[in-house]
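**Student:** Pasting in a structure now, in C-alpha cells, and then I'll have a few things to ask.
We did not get these values from a lab; they are worked out from the coordinates using the rules stated. On a predicted model such as this, the values are computed, not experimentally measured, just so you know. Here the Cβ positions follow ideal geometry from the backbone for every residue, glycine too, while neighbour counts run over all protein chains shown.
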Amino acid sequence: MRAVVYEGPRQVSVKDVPDARIERPTDALVRITTTNICGSDLHMYEGRTDFEPGRWFGHENMGEVVEVGDGVDKLRVGDQVVIPFNVACGHCKNCERGLTNYCLTAQPETAFAGAAYGFADMGPWAGGQAELLRVPWADFNCLRLGEDADERASDYVMLADIFPTGYHATEMAGVQPGDQTVIYGAGPVGLMAALSATIRGAAKVMVVDRHPDRLALAESIGAIAIDDSEVDPVEAVLEQTMGLGADNGCECVGYQAHDPGGDEHPNLTMNRLVSSVRFTGRIGCVGVFVPQDPGASDELAKQGQLAFDYGMFWFKGQQLGSGQAPVKKYNRRLRDLIAEGRATPSFIVSHELPLDRAPEAYERFDAREDGWTKVVLKPGLAA
C-alpha cells in the first residue's frame, strides 16, 4: 500500500510500505478514503519530537471497513466509519471511566498512558495517511456513519480529532450559554473551539491569531478576530469585556507559540490567558505541550517547563484543565450535529488533495502559507 512516510526533519515521501492487515480477532481493516494533516503532525514533521524515520503519519482518519476479525461483532464489511485518534481498548481502568485519551492497554510504555495512530511516544500504531489502516478493538473504536458519509466526508473526518478536541477545550473551560470566551490560536483546533463555543451558546467568542486567512474564518462563524500583530490581545479582550476579562478561555496553540516577530515563547499563550480571563474563570488547554523539547529556545522549555504566571493564576482563583481529548466522549453527539446540519466543521478546509501530493501539502501547511488552513488527503483521488 502507499503511505506518507517520515524521512527526517521536513522531509516526507509517498512510497510503498507493507499492507496493513488483521492481526488479532478484534481488529478491523479500513480502506482510508479521507485523512487529514494535523497541526500536531507538524511537530513531528519539523523534527521536534522523536518520531522515527520510516514510520508514517496520520491520526485523523475515515474510511470503509473492508475486513473484520472473527472477534468483531458490531462492524460489517462496507460500513463507513470515522476513527478516533485515540487508540483505546475500552476495558482498562481509564477507558472504563471514559478517559480513552489515557488508555493503559494500548500504550506499551508502562510509564506513559494514551496511544494514537502515527504519533510520537504514543505506541507503535501505524498512521492512516495511507491506503489501509488496521484498527484494533474495532467495535469500540470505530464510529459508524450514515448514508451521507461520502457526501459530507470533509465534515465527518473532523470527528477523528480536531472537532472533539476543540469541543474538549470548551468543556474544560466550562463554556455556558451567554459566556464571553477567548480562544488563543486560530489554527484548525482553535477554529473548532470557536465553533464549539458557539454551539454551546457563548454570547461572544474572541479569537486571537495573526494570520489573516485564519482570522477571516473565525469571523465567518461570528467570532471577533483579534490580530496580536496589531494590538495587545489582552487589552483587546479586556476592552471587549468591560475590563473584567473573559468568562473562560481556550489554549489551542501549544509549546511552539511564538510572538509576531517569530521568536518562540512556550509560555506566551498560557500567561496571556491568565491575564485575559476574569477572576474565578476557567481555562481549557488542548495545545500540545511535551515533557521534553530539546529543540526549544530556552533551558526551561528544553525540560518541558514554563515560566508560568502561577501567582496571578492562583490570585485570580482560576481553574485549568489540560490534556488530549477523549474523542469517544464527544464524537457521537458531534456526528449527530453534523448529520442534522447544525455543525459544518469543513468550513476550515482549504485543500482536498490526492495522497501523492502530501509532500507539497506538508511543506506549504508547515510554512503557514496564506490560504493553507486545513489539508484533507484522499488516497483514492487521482493525482
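**Student:** From the phi angles alone, apply the Karplus equation (6.51, -1.76, 1.60; θ = phi - 60°) to region 201-218 and give each ³J(HN,Hα) in whole Hz, x where the residue is Gly or Pro.
**Tutor:** Per-residue couplings from phi come out as x, 4, 7, 9, 10, 10, 10, 9, 6, 9, 8, x, 5, 6, 5, 5, 5, 4 Hz.
**Student:** List the residues, sorted by chain then number, that are 5 or more residues from T33 or on another chain and whose placed amide H is less than 5 Å from its amide H.
**Tutor:** For T33, the qualifying residues are M62, G63, E64.
**Student:** May I pose another question? Would you compute, from DSSP H runs of 4+ residues alone, the mean residue ellipticity of the chain at 222 nm, taking -39500 (n - 2.57) per run and dividing by the full residue count, rounded to the nearest 500?
**Tutor:** The per-residue figure over the chain is -6500 deg cm²/dmol.
**Student:** Considering lysine pairs in the chain that are 8 or more places apart or on different chains, how many have Cα atoms under 27 Å apart?
**Tutor:** 15
**Student:** Then there is this: Would region 1-156 count as rounded, prolate or oblate if I go by the C-alpha gyration tensor, calling it rounded below 1.5 in a/c and otherwise prolate when a/b exceeds b/c, oblate otherwise?
**Tutor:** Here region 1-156 falls in the oblate category.
**Student:** Could you give me the ³J(HN,Hα) list for region 181-188, computed from phi with Karplus coefficients 6.51, -1.76, 1.60 and θ = phi - 60°, whole Hz, x at Gly and Pro?
**Tutor:** Ordered by residue, 3J(HN,Hα) equals 10, 10, 10, 9, x, 10, x, x Hz.
**Student:** When you have a sec, figure out the Kirkwood radius of region 244-383 from all distinct Cα pair distances and drop it here in Å to one decimal?
**Tutor:** 17.9
**Student:** May I pose another question? Using Cβ contacts closer than 10 Å as the measure, can you line up C252, C38 from fewest to most?
**Tutor:** C38, C252
**Student:** Mind sorting V87, V290, V277 by how few other Cβ atoms lie within 10 Å of their own Cβ, fewest first?
**Tutor:** The fewest-first ordering by Cβ neighbours comes to V290, V87, V277.
**Student:** Pick out, in residue order, every one of the GluC sites (Glu not before Pro) in region 42-136 that is DSSP loop and has at most 16 other C-beta atoms within 10 Å; say none if there are none.
**Tutor:** E46, E109
**Student:** Give the shape of region 165-322 as rounded, prolate or oblate, defined through the alpha-carbon gyration tensor: a ≥ b ≥ c are the square roots of its eigenvalues, a/c under 1.5 means rounded, and otherwise the shape is prolate if a/b is larger than b/c and oblate if not.
**Tutor:** prolate
**Student:** With viscosity set to 1.002 mPa s and temperature to 20 °C, compute the Stokes-Einstein D of the chain, Rh being the Kirkwood radius across alpha carbon pairs; µm²/s, no decimals.
**Tutor:** D = 103 µm²/s.
**Student:** Shifting gears a bit: What list of ³J(HN,Hα) values in whole Hz, one per residue of region 256-270 in order, does the Karplus curve 6.51 cos²θ - 1.76 cosθ + 1.60 (θ = phi - 60°) give from phi, with Gly and Pro shown as x?
**Tutor:** Working through the residues one at a time gives 9, 4, 9, 7, x, x, x, 8, 6, 9, x, 8, 4, 6, 5 Hz.
**Student:** A further question on this structure: Under the rule of at least 5 residues apart or a separate chain, name every residue whose amide H is placed under 5 Å from the amide H of C250.
**Tutor:** When sequence neighbours closer than 5 places are left aside, the close amide H contacts are V182, I183, Y184, G284.
**Student:** Can you put I338, I226 in order of Cβ neighbours within 10 angstrom, beginning with the fewest?
**Tutor:** I338, I226
**Student:** OK, next. Farthest toward the dipole's positive end in region 177-249, which of A197, H211, N248, given Cβ charges of +1 (Lys, Arg) and -1 (Asp, Glu) about the Cα centre?
**Tutor:** Selected residue: A197.
**Student:** Please label the shape of region 123-245 as rounded, prolate or oblate, based on the square roots a ≥ b ≥ c of the eigenvalues of the alpha-carbon gyration tensor (a/c under 1.5 means rounded; beyond that, a/b larger than b/c means prolate, else oblate).
**Tutor:** Prolate, because a/c is 1.5 or more and a/b exceeds b/c.
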